[in-house]
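What follows draws every value from the coordinates through simple rules; no lab data is involved. Values in this document were obtained by computation on a predicted structure and should not be read as measured data. Methodologically, a virtual Cβ is constructed for each residue, glycine included, from the backbone with ideal geometry; neighbour enumeration extends over all protein chains shown.
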Amino acid sequence: MFMSNRFTPETEEERKRRMEEQDALWAICGELEQYYSEKENDKSLSTEVEMLERDRISTALSRTEGNQARAAKMLKIGRTNLIAKMKKYGFPSTSSR
């Protein structure tokens, strides 16, 4: 199919329809943003704290190659506290190095 390089001006009706479609899309984007914002706020504080703890523990263990003593030091908590949290969140038990 051959397409011309010439610009074809929009008719007033086409422009109006395009603007309505853009407005509708922006409205949908706003509704989606509000929906996901509300979903994030559905979590309780304790759930968010648990998610943060799991993530921080996982990162520390990864950076220290599973060394619990070094991971605990990185997290600024005691090793026994780290082990208890690992057990609470279902991390596999590993021996400290």
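Here is how the numbers come out for the structure above:
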item: Scope region 63-74; condition surrounded by 16 or more Cβ atoms within 10 Å (Cβ to Cβ) and basic (Lys, Arg); matching residues; result: 70
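Residue by residue, here is whether (1) charged (D, E, K, R); (2) surrounded by 10 or more Cβ atoms within 10 Å (Cβ to Cβ) holds:
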| position | (1), (2) |
| --- | --- |
| 25 | no, yes |
| 30 | no, yes |
| 46 | no, no |
| 61 | no, yes |
| 76 | yes, no |
| 80 | no, yes |
| 90 | no, no |
